[in-house]
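Here's the structure we're looking at; comments come further down.
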């Protein structure tokens, strides 16, 4: 019988990271005010830092990535518009249909390559102006792409998408929840990506280790309207400096360490390749997400992950035979090695069970 792990190794998501001690201290010491009145100095400072880092005029702190995307879609569009997005994007799959239900926008999914939209494919789905057709007003890029395995839309690809969008009078919005992962992986300044967007969001609460919060970024006019949309959604916060304080530390100190997560993800992926019954596409392992398939036709992802959980390893099933693991702060190489040992034993045991049934 497989020995129990001494600790729980949680690879379900980088959202499980806990704040650093410095972040906890910053929360306690934060100077506070009422953010709805724009009087929280810590929030104001974070928003100023975020806008500058992204090369945009202004920024807005919101509670979550999903709220950031919804606020941005409400700001970028009108009810009845079309939003072009990648067919397996987070907005389309995981945000409870808010794009349609709340914003009144028709999602127009386009299949990408490794989650990356092709400019020509975007142009191919655009329809001529006609009284019968809704207007396509925004192209949404997810960078990095979650379901594709943390894959990157490069600055050159962003440039081509921007060119097509501008030609057809559309805006480019980026769901950049993990955009710093893309920038660190490619060793580029994040503004090399954001220069090709009209506006975007990014998360503080994933690899950057904050307990809560995302940032919407764009020009001053966009952010003023987004602030009103946030209020409409119940997102007006009061002494929100307790959220902003760790965010300032994240942007100042936590970005370079994302490279550790990428390194561990590659070690994990290469180790998975050695386990019989598991398949990994190494081309997709570009940042901190590793998606793999259970190739035994009798094995199911939910069964596999339940067995992992029994032995102290948490992973996320994303399809009937597909599992996601995400590296993050708090996961070291030793955790990866332990995880690979657990997975090899679980895979072996499941094969034996399947043969005996």
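One line per residue, one yes/no per condition, for (1) surrounded by 19 or more Cβ atoms within 10 Å (Cβ to Cβ); (2) assigned by TED's automatic domain parsing to the domain that holds residue 352; (3) over 19 Å from the mean Cα position of the chain (by Cα); (4) modelled with pLDDT under 95:
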| site | (1), (2), (3), (4) |
| --- | --- |
| 270 | no, yes, yes, no |
| 273 | no, yes, yes, no |
| 288 | yes, yes, no, no |
| 292 | yes, yes, no, no |
| 296 | no, yes, yes, yes |
| 300 | no, yes, yes, yes |
| 305 | yes, yes, yes, no |
| 309 | no, yes, yes, no |
| 313 | yes, yes, yes, no |
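Selection of the range 76-125 for residues being in a loop (DSSP other than H, G, I, E, B) and touching a strand residue (DSSP E or B) at 6+ places or on another chain (Cβ under 7 Å) yields 77, 81, 87, 89, 105, 112, 114, 115, 117. Flag not set for residue 26, criterion: touching a strand residue (DSSP E or B) at 6+ places or on another chain (Cβ under 6 Å), assigned to a helix (DSSP H, G or I) and buried (at least 17 other Cβ atoms within 10 Å of the Cβ). Of all residues assigned to the range 151-172, at least one qualifies as being assigned to a strand (DSSP E or B) and free of Cβ contacts under 8 Å to residues at least 40 places away in the same chain.
The values are calculated or read from the model by the stated rules, or taken from the named source; none is laboratory data. The shown structure was predicted, so the numbers you read here are calculated from the model rather than taken from an experiment. Quick reminder, even Gly has a Cβ in these numbers, built from the backbone with ideal geometry, and neighbours come from all protein chains shown.
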